[in-house]
1. For region 199-308, what number results from the quotient of the Cα radius of gyration and 2.2 N^0.38 Å?
2. Could you state the orientation-averaged shadow area of the convex hull built on the Cα atoms of region 307-375, in nm² to one decimal?
3. How big is the equivalent ellipsoid of region 215-254 along its three axes, where each semi-axis is √(5λ) from the Cα gyration tensor, reported in whole Å from largest to smallest?
4. If you wrap region 172-245's Cα atoms in a convex hull and average its projection over all directions, what's the area in nm²?
5. Going by how many other Cβ atoms sit within 10 Å of their own, how do 375, 346 line up, fewest first?
6. Taking neighbour Cβ counts within 10 Å as the exposure measure, how do 383, 367 sort from fewest upward?
7. Pop out the Kirkwood hydrodynamic radius of region 130-205 from its pairwise C-alpha distances, inverse of mean 1/r, in Å to one decimal.
8. Can you tell me how much longer the chain between residue 347 and residue 204 gets when fully stretched, taken as 0.36 nm per residue apart minus their C-alpha distance, in nm with one decimal?
Amino acid sequence: MQAAKELERPLGHPAKPGRSPSSRVWRGRPLWLAFGALCLVAVSSAIALRDKPFRNPSASVTSTPETTGAEPPAPSVEAAAADPVAKKPASPSASPSIIHVDPEDAEKGNGVIIIRDPSAIGQDLRVAHLPDRALIEESETGPLPKRSADGRRPVDVYARPWSGTRGARVAIVVGGLGLSQTGTQEAIAKLPSEVTLAFAPQGNSIGRWMQAGRQKGHEILMQAPLEPFDYPNVNPGRNTLTLAATPEENIDNLHWTLSRTTNYTGIMNYMGARFVADPGAMSPVMAELGKRGLLYLDDGSTARSVAPELALKNRVPFAAGDAIIDGEQERGAILKKLDQLEATARAKGFAVGTGSAFDVTVDAVTSWVAEAKKRGIEIVPVSAVTIDPEKG
C-alpha cells in the first residue's frame, strides 16, 4: 500500500511526514511489557504467600548443628532409648521422594521400609545402666531378674548389639571383677567395650561397677560359685552351690548371687567341676535360669559338664568356652591362646575365651583385640554366640 502511494505521488513533490505502521507498533509495545510484568509479579506474590509452597505437607525438615550452627538439645531418656529409622513412601512416584525421620510410624510398619544399623540396635549407652523395672522381681536379698509380662528376657534386653554378620567372631569374657577396686576400675577403663565383663558376687560395690561397665558399652555376666572337686579345701567362696545342699538351699544361694546387681544377661560358673557334672544338682539351677530368661556360660574347664543338655531342655541360651586364656599368667602365653581362639573362630565361625582380671590379662587382651579387628575378626559379646532354644 505504501509502495502504491509512492508511485502515485507527482514527480518533484516531497512526501508528507506521517507515521508508519511499524512505528505505531513499537510505540504501543511498552504498555504490553508493563502489563506482563505486573502479571508476573502478581503470580509470584501469590505463590510466595502460600503456606509451605510446593512442599509435601507430610514431610518434616529437621535442622542440624551443621546447618544452624547451634548446639543440639540434650535428649531425654525416652528419646535416647528410641531407635531412629529412615522411611520413604511405599508407593513410589515419578517425582522425587522426601525421606524423613518418623520413629513412631516406622515402628508400626505401616507400608514403610525400615533401614537399621544392626550394631545400633539395643539399649542406648546413656541409659544402659538403668534397669528395666519390668524385668525385676523384688526379693528379700535384693532385685532378681525375671521375664517381663510381655515375654521379654534379660538376655535380650541387656545384650550388647553386634553386626549380625556371619564372619569369624570371638567372644572374650574377663571375670573376677569387683574383688579388687583398683583392678576393676582399670579393667573397665582399658578393656575394649566388646569384651564381656563377669562380676564375682563376693565383690564390693558391684552395682557401681556394673553401671560403669554398662555405660562403657560392656555386656555383663554374674559368676555363680559352684562346688569344685576337693571342696571345701578348694572353696569358691560365700554361698557356694553344693551337692550336699537341698535344691531349695541351692536356689536360695543362686538368688543371692543373682540379686547382687542388675542389667546382666546371665551367669557363668566359677569353679564347679564337680557340681556341673551332676544332673541332680544342675537341673534345678538350669530350670531357674530358663524361667528367668538368663543365659548360661560354661567356662569349658571340664568335659563332663551336663549343662548343654539341661540348657536345651530348659530353654536356656547356652555357650561353652573354647579356652581359658590366662591359665599361664604370662603375656606371650596369653597372646598365643588368643591366636588359637582366632584360628578356632575362622574354622567354625566363632570361639569363646575366658580369663580373669589380672593386669597382664587386661593388657594382653586390649592389644590383641585392636590387632584382631584389623584382620577381620569381630569381637562380640557372649550373648552373640549362644545356642538359644527359643530362637531356633
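Please treat every number below as a calculation from the coordinates, not as lab data. Because the structure is a prediction, the values reported are computed rather than measured. Cβ placement follows ideal geometry from the backbone for every residue including glycine, while neighbour counts extend to all protein chains displayed.
1. Dividing the Cα Rg of region 199-308 by 2.2 N^0.38 Å gives 1.03.
2. Across all orientations, region 307-375 yields a mean hull projection of 5.4 nm².
3. 25, 14, 7
4. Answer in nm², one decimal: 5.4.
5. 375, 346
6. Starting with the residue having the fewest Cβ neighbours, the order is 367, 383.
7. Kirkwood hydrodynamic radius for region 130-205: 14.9 Å.
8. That pair, residue 347 and residue 204, stretches by 47.5 nm at full extension.
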